[in-house]
1. Restricting to segment 36-52, what's the tally of residues that are surrounded by fewer than 10 Cβ atoms within 10 Å (Cβ to Cβ) and either more than 16 Å from LEU6 (Cα to Cα) or touching a Cys at 6+ places or on another chain (Cβ under 6 Å) (or both)?
2. Going by the conditions given, is ILE64 out of contact with any Lys or Arg (no Cβ under 9 Å at 6 or more places or on another chain), surrounded by fewer than 10 Cβ atoms within 10 Å (Cβ to Cβ), closer than 30 Å to ALA16 by Cβ and at pLDDT 80 or above?
3. Would you check which residues across segment 23-33 are modelled with pLDDT under 95, assigned to a loop (DSSP other than H, G, I, E, B) and surrounded by 11 or more Cβ atoms within 10 Å (Cβ to Cβ) and list them?
4. What tally of residues in segment 67-87 results from selecting those that are assigned to a helix (DSSP H, G or I), exposed (fewer than 10 other Cβ atoms within 10 Å of the Cβ) and more than 24 Å from the chain's Cα centre (by Cα)?
Amino acid sequence: MKKIALDAIDIRILSALQQHGKVSKSKLAELVNLSPTPCWVRLDKLKKTGLISGYRTDIDLERIVDLTKVLVTISLKNHSKADFERF
């Protein structure tokens with residue numbers, strides 16, 4: 001897979017998105033100290049390269065339910081100690 005070259009501004013954009021989620025484009029430009037149009041162009045480039053594959057919302061489940069149960073099943077391709085520890 002071809003590596004994507006990022007400069008400091010791209011990294012600031014990605015960092016702001018990680019910290020603030022899906023913010024407005026003008027707010028994102030403000031957060032990364034860039035005027036809106038160049039920020040939008042860079043954001044579009046990051047999306048088109050597949051580096052940004054989507055957005056998500058974290059929901060505070062404790063505010064809507066008293067108890068949350070989660071059942072997770074995993075399967076390891078390799079069963080070596082190193083693979084298990086890496087998981």
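1. Within segment 36-52, residues that are surrounded by fewer than 10 Cβ atoms within 10 Å (Cβ to Cβ) and either more than 16 Å from LEU6 (Cα to Cα) or touching a Cys at 6+ places or on another chain (Cβ under 6 Å) (or both) number 0.
2. Answer is yes for this residue.
3. If the condition is that a residue be modelled with pLDDT under 95, assigned to a loop (DSSP other than H, G, I, E, B) and surrounded by 11 or more Cβ atoms within 10 Å (Cβ to Cβ), then VAL23 is the only one that fits.
4. The qualifying residues number 3.
The values are calculated or read from the model by the stated rules, or taken from the named source; none is laboratory data. Just so we're clear, the structure is a prediction, and the values are computed from it rather than from any experiment. Every residue, glycine as well, gets a Cβ built from its backbone with ideal geometry; the counts of neighbours run over all protein chains shown.
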